[in-house]
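Structure first, then comments.
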Amino acid sequence: MIRPILKHGDQLLHERAAIVGAITPEISQLVDDMVETMYAAPGIGLAAPQVGVALRLFVVDVSVGRDANQLIVMINPEFVDRDGMQLEEEGCLSVPGFNATVVRPSRVVIKGLDRAGEPQQREGTGLLARAFQHEMDHLDGTLFVDRLRGIKRDLIVRKIKKMTRAGKW
Ligand code: GNR
Ligand code: NI
């Protein structure tokens, strides 16, 4: 089932998510729904808080479903390593219509559990590294706009507030 995606301003997106205690049938259903919602959007990643569930899990597929091998489900993820630097355009399904250049490490290693509850470790470079970090940020209540400096961030936030007032957000 496709779940609605929350947008910037919804309090749940701005809060730290909790550890997943056990992979219950509800969590398995959530994972299935997140994958379906990500592909339908379409997006290269989706974190549980974006569908209104304040838990530490995300899905990523930089092929957006073109290559089944590229789907990654990460439960209770943690950074193992981060290095380098990349400057690229970034967007977010919870901040539709906006994008901005965000500085990120160019390589990350993340460990966590897969959808079966087995430990896994994944390395990402380039876009995959960016997606991992973007989703990790969601689990801590951080959106890409929060990583922008002063005026650029203020401009986006002001436009969102204006659209919210107009009932267009
Ligand atoms: O679909 C998405 N594209 C994207 C592009 C550059 C950097 C990060 C992303 S993640 C985003 C989907 C999303 O909002 N995930 O939380
Ligand atoms: Ni996002």
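None of the figures in this text is laboratory data; all of them are computed from the coordinates on show. None of the values given here were measured: they were computed from a predicted structure. So basically every Cβ, Gly included, is an ideal-geometry build from the backbone, and we count neighbours across all protein chains shown.
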Next item on the list: Putting +1 on Lys and Arg Cβ atoms and -1 on Asp and Glu Cβ atoms, find which of 98, 79, 54 reaches farthest to the positive end of the dipole of region 51-105.
Entry: 54
Checklist line | Paired Rg and Dmax values of region 22-169, which use every Cα atom, in angstrom | finding: 15.5, 47
Next item on the list: Could you work out the Rg to Rh ratio of region 82-161, with Rh taken as the Kirkwood radius (inverse of the mean 1/r over all Cα pairs)?
Entry: 1.03
Check: Using +1 on the beta carbon of Lys and Arg, -1 on that of Asp and Glu, and nothing else charged, what's the dipole of region 86-156 about the Cα centre, debye to 20?
Finding: 160 debye
Checklist line | Helix axis angle, 126-139 relative to the chain longest principal axis, alpha carbon, degrees | finding: 80 degrees
Next item on the list: State the answer as a single residue: which of 110, 6, 45 lies farthest towards the positive end of the charge dipole of the chain, with beta carbon charges of +1 for Lys and Arg and -1 for Asp and Glu, about the Cα centre.
Entry: 6
Next item on the list: Project the alpha carbons of region 1-76 onto their principal axes and report the range along each, largest first, in whole Å.
Entry: 33, 29, 19
Notebook entry, point to check: In a GNM of the chain with a 10 Å cut-off on Cα contacts, which of 47, 116, 18 has the highest mean-square fluctuation?
Noted result: 116
Notebook entry, point to check: Given the rule -39500 (n - 2.57) for each run of at least 4 DSSP H residues, summed and divided by the residues of the chain, what is its mean residue ellipticity at 222 nm, to the nearest 500 deg cm²/dmol?
Noted result: -9000 deg cm²/dmol
Notebook entry, point to check: Quick one: if the Förster radius is 45 Å, what FRET efficiency do residue 11 and residue 67 give, using the C-beta to C-beta distance and rounding to 0.05?
Noted result: 0.80
Next item on the list: Select from 97, 126, 52 the residue whose mean-square fluctuation is largest in a Gaussian network model of the chain (Cα-Cα springs shorter than 10 Å).
Entry: 97
Notebook entry, point to check: Under a point-charge model restricted to the Cβ atoms of Lys and Arg (+1) and Asp and Glu (-1), what is the dipole moment magnitude of the chain relative to its Cα centre, in debye to the nearest 20?
Noted result: 980 debye
Checklist line | DSSP beta bridge pairing in region 1-155, given as percent antiparallel to the nearest 5 | finding: 95 percent
Margin query: Whole-Hz ³J(HN,Hα) for each residue in region 84-90, computed from phi via Karplus 6.51 cos²θ - 1.76 cosθ + 1.60 with θ = phi - 60°, x for glycine and proline: what do you get?
Written below: x, 8, 9, 10, 9, 5, 9
Checklist line | Whole-angstrom gap from region 27-89 to region 117-157, using each part's C-alpha centre | finding: 11 Å
Check: Which aspartates and glutamates, on any chain, are close to residue 168 with Cα under 20 Å apart, when same-chain ones fewer than 8 places away are left out?
Finding: 10, 154
